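Structure first, then comments.
A short reminder: the numbers here are calculations on the coordinates, not readings from a lab. Keep in mind that what you see is a predicted model, and the values were worked out from it rather than measured. Every residue, glycine among them, receives a Cβ derived from its backbone with ideal geometry; neighbour counts consider all protein chains shown.
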Amino acid sequence: MKIKNLANWSRQNLFSSWYNSLISLFCIYLIIITLPPFIDWAFLSATFDGNLKTDCKTSGACWVFIKVWFEKFMYGFYPVENIWRINLSFLILILSIAASFFVRDKFKIYILFFLIFIFPIIAFILIHGSFGMQIVESREWGGLALTFILAIFGIIFSFPLGVLLALGRRSELPVIKYFSICFIEFWRGIPLITVLFAAAVMFPLLLPADTYVDKTLRIAIGIAIFESAYIAEVVRGGLQSLPKGQYDAARSLGMGYWKMNFFIILPQAIKTVIPGIANTFIALLKDTPLIVLVGMAEILGMINLAKANPYWLGMAVEGYVFAAAIFWVASYFLSSYSQRLENKYSTEKK
Amino acid sequence: MNKEKVIELNKVNKWYGEFHVLKDIDLSVYQGEKIIVCGPSGSGKSTLIRCINRLEEHQEGTVRVRDTILDHHTQSIEKIRSEVGMVFQQFNLFPHLSILDNCTLAPSWVRKMPKKDAEDLAMKYLTKVKIDDQALKFPGQLSGGQQQRAAIARALCMEPKIMLFDEPTSALDPEMIKEVLDVMTDLAKAGMTMIVVSHEMAFAKEVADRVIFMDEGSIVEEKPTAQFFSNPENERTKLFLSQIL
Ligand SMILES: Nc1ncnc2c1ncn2[C@@H]1O[C@H](COP(=O)(O)OP(=O)(O)OP(=O)(O)O)[C@@H](O)[C@H]1O
Ligand SMILES: [Mg+2]
């Protein structure tokens, strides 16, 4: 019975025509030549036990490398005794996101407000330290924690800025309109790596000698502004898709510019471009390793350091596979979260 | 008639670029009057009523609504919009909000009404247009006729002194036209000042005090309803009436 179902299923889905059969056979061939060796390498012949490179005697992956360096990959050079402060920050973040799934819509606004305005302050106080907690300068931050700090900062600040720029670009006031256009096109026209170098190296030279803006902060602001230009263009697409009648109706009810946009225009425009926004944020997340080039060690940077350690030479593949898995999981989370939102709002409309 | 003049248009002119849409429009509307505006497509009917609440800007002449002269100041525009309700051909309900929220949004955020009061008000008007049982649905779940009645209720929730209707039944299937016209007739009987762009001549005969015929951006005929139908003077009005009746 099962076998018959399988045969039916594969006839319908894999071999429905000669070219589909060809493509299916080719894909099956690819899976057969790549998957078993990978499974063998990653699991069957891999070494999990031990604390030294010499413990890895088999031909498979040496996960001992990841195990030994795990804390560094996650937290960089953050003082070990204070790591709980980072964990607590992320725990607060995860809990509030999880809570948003379970509470009624009315409270979601409060959670959003908390995440945008209050959480960054709490996280900064915890991670950077004050109120008697030991200060950890941002140059000691690193690893996956730094990746997430930059990505979350980028998301939280690029989103509102991008929305304002999108509105500005459609403004009837020429000054605002042309300022927004220039701003967006300028930041879209330069590569992120230029922004990072400018923020890390050039920007301090332009400041008066006695002012100092933290390097991590400069980089984070650079990333947020860079991404805001992309968000602006995505949101503008959504704005353009709205019928003019929505504006007419809102205006005829006496709503001014901000009320109209906040209650009527933006909620609809943003809903239609959730996939585009998620795309931009996933790109942002995957762009963060570029900061290696300005001397900051997020997770990929830490892996580069570790694999250059004389006792751990030749561990590049393990390190990069590990990094790939982490980025894949994080990106997958973002993309399924966006899909969830999208589904929710598309059913609401019907 | 010594009733108060609530709308006064004086030599209003409007251009879209080179195109002269409204030519020297003079119009006075008194408290409680019902005016029907008709005319061929493209004659400027929509543009005319949209100039009254500044959805379109006129370039010459004056528009006065009650005590307010319409000018560039946001204050005067917002004052007028809070006193003038509008209903559109395409309903223009907000699709992301329930019918109830469509109705309470402006009262709570523009008139700053407490939520409870706004909801009571909304239910009062939804009951009036006979869709109180649909209050929690979304616009997409309603029929065209129900949507248009919801749109009327939404406008009424701002408790306007004047209502503008731009072809409120043209986008509806024939069987739904009546339910919307019934609601409008009730509203007219209750004494609302109304300007209605419509080609529903039976409705015009029943409720209108005056009928205005527009062609190519001008008002070419303006008469009390009975005379308009029995004794039109202008050739274009006669032609139009012969086609439509
Ligand atoms: N935004 C605009 N830009 C340029 N021309 C316009 C614009 N809006 C309307 N027009 C033109 O102005 C004229 C009057 O338009 P209006 O919508 O007021 O006509 P109408 O009498 O309401 O017609 P209908 O019965 O088809 O609704 C039309 O010729 C139209 O093409
Ligand atoms: Mg029209």
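Calculated FRET efficiency, A:PHE197 to A:SER24, Cβ-Cβ distance, R0 = 45 Å: about 0.45 to the nearest 0.05. Modelled spin-label separation between A:LEU44 and B:ASP209, with each label point placed 7 Å from Cα along the Cα-to-Cβ direction: 9.2 nm. Binning the alpha carbon pair distances of the range A:79-233 at 10 angstrom intervals from zero yields the distribution 10, 30, 33, 21, 5, 0, expressed in whole percent. If you model the range B:81-130 as an ellipsoid using its alpha carbon gyration tensor, with each semi-axis the square root of five times an eigenvalue, the axes come out at 17, 14, 12 Å, biggest first. Legend note: in chain A, cysteines whose Cβ sits 4.7 Å or more from every other cysteine Cβ are A:CYS27, A:CYS182. Arranged from fewest to most other beta-carbon atoms within 10 Å of their beta carbon, B:LYS178, A:LYS344 become A:LYS344, B:LYS178.
Per residue of B:132-141, count partner chain C-beta atoms within 10 Å of its C-beta, then hand back the mean as an integer.
On the way: counts 0, 0, 0, 0, 0, 0, 3, 1, 3, 2.
Counting other chains' Cβ atoms within 10 Å and averaging over B:132-141 gives 1.
Cα centroid separation, the range B:115-155 to the range A:246-280: 21 Å. The distance from the alpha carbon centre of the range B:39-57 to that of the range A:163-238 is 42 Å, rounded to a whole number.
Rounded to the nearest 20 debye, what is the charge dipole size of chain A about its Cα centre when +1 sits on each Lys and Arg Cβ and -1 on each Asp and Glu Cβ? Could the numbers behind the result be given before it?
Working: 29 positive and 20 negative charges, 267 e Å.
Its charge dipole is roughly 1280 debye.
Across chain B, the mean sequence separation of Cα contacts (distance under 8 Å, 6 or more residues apart), normalised by length, yields a relative contact order of 25 percent. Cα gyration tensor of the range B:1-100, axes a ≥ b ≥ c as square roots of the eigenvalues: rounded (a/c below 1.5), prolate (a/b > b/c) or oblate? Judged from the Cα gyration tensor, the range B:1-100 comes out rounded (a/c under 1.5).
Mean per-residue shielding of peptide A:251-264 is 6, counting Cβ atoms of other chains within 10 Å of each Cβ. For chain A, the longest piece that avoids every one of the chymotrypsin sites (Phe, Trp or Tyr not before Pro) found in DSSP loops with at most 12 other C-beta atoms within 10 Å covers A:213-350. If R0 is taken as 41 Å, the Cβ-Cβ distance between B:GLU18 and A:TRP258 corresponds to a FRET efficiency of 0.75. When restricted to Cα atoms, the protein assembly as shown yields an Rg and a Dmax of 32.8, 108 Å, respectively.
Seen from every direction in turn and averaged, the convex hull around the alpha carbons of chain B projects onto 13.6 nm².
Each of A:ALA98, A:GLN12, A:TRP41 was placed along the dipole of the range A:1-124 (beta-carbon charges, centred on the mean Cα), and the one lying farthest toward the positive end is A:GLN12.
Averaged over peptide B:92-105, the number of partner chain Cβ atoms lying within 10 Å of each residue's Cβ comes to 4.
Explain nothing, just the number: relative contact order of the range B:1-88, from Cα pairs under 8 Å at least 6 residues apart, as a whole percent.
Working: 124 pairs, mean separation 26.5, N = 88.
Relative CO of the range B:1-88 lands at 30 percent.
Give A:LYS108/B:LYS130; A:LYS271/B:LYS45; B:LYS45/B:LYS124; B:LYS3/B:LYS161 a once-over and call out the pairs whose C-alpha atoms are over 24 Å from each other. Distance filter (> 24 Å) returns A:LYS108/B:LYS130; A:LYS271/B:LYS45; B:LYS45/B:LYS124.
Could you list the trypsin sites (Lys or Arg not before Pro) in the range A:10-117 that lie in coil according to DSSP, counting only those with at most 15 other Cβ atoms within 10 Å of their Cβ?
Numbers: sites: A:ARG11, A:LYS53, A:LYS57, A:LYS67, A:LYS72, A:ARG85, A:ARG104, A:LYS106, A:LYS108; in loops: A:LYS57, A:ARG104.
Loop-located and lightly packed - A:LYS57, A:ARG104.
For the range A:243-318, the C-alpha radius of gyration sits at 2.07 times the compact-globule guess of 2.2 N^0.38 Å, with N the residue count. Does the range A:1-129 come out rounded, prolate or oblate by the C-alpha gyration tensor, with a ≥ b ≥ c the root eigenvalues, rounded set by a/c under 1.5 and, if not, prolate when a/b is larger than b/c and oblate if not? Verdict is oblate for the range A:1-129. Enclosing the Cα atoms of chain A in their convex hull gives a volume equal to 237 cubic angstrom per residue.
Given DSSP loops and a limit of at most 16 other Cβ atoms within 10 Å, what is the longest stretch of chain A that contains no such GluC sites (Glu not before Pro)?
On the way: sites that count: A:GLU137, A:GLU172.
Longest gap between qualifying sites, sites excluded: A:173-350.
Ordering A:ASP210, A:ASP287 from the fewest to the most neighbouring beta carbons within 10 Å gives A:ASP210, A:ASP287.
Looking at the range B:1-92, which GluC sites (Glu not before Pro) are in a loop (DSSP not H, G, I, E or B) and have at most 10 other Cβ atoms within 10 Å? Display every interim value, and only then the final one.
Details: sites: B:GLU4, B:GLU8, B:GLU18, B:GLU33, B:GLU56, B:GLU57, B:GLU60, B:GLU78, B:GLU83; in loops: B:GLU4, B:GLU18, B:GLU33, B:GLU56, B:GLU57.
In loop regions of the range B:1-92 (DSSP not H, G, I, E or B), the sparsely surrounded GluC sites (Glu not before Pro) are B:GLU4, B:GLU18.
Across all directions, the average projected area of the convex hull around the alpha carbons of the range A:201-278 is 7.6 nm². Ordering A:ILE326, A:ALA269, A:THR288 by the projection of their Cα atoms onto the charge dipole of the range A:266-350, which places +1 on the Cβ of Lys and Arg and -1 on the Cβ of Asp and Glu, puts A:ALA269 at the extreme positive end.
Give the shape of the range A:197-350 as rounded, prolate or oblate, defined through the alpha-carbon gyration tensor: a ≥ b ≥ c are the square roots of its eigenvalues, a/c under 1.5 means rounded, and otherwise the shape is prolate if a/b is larger than b/c and oblate if not.
On the way: a/c = 4.53, a/b = 1.68, b/c = 2.69.
Verdict is oblate for the range A:197-350.
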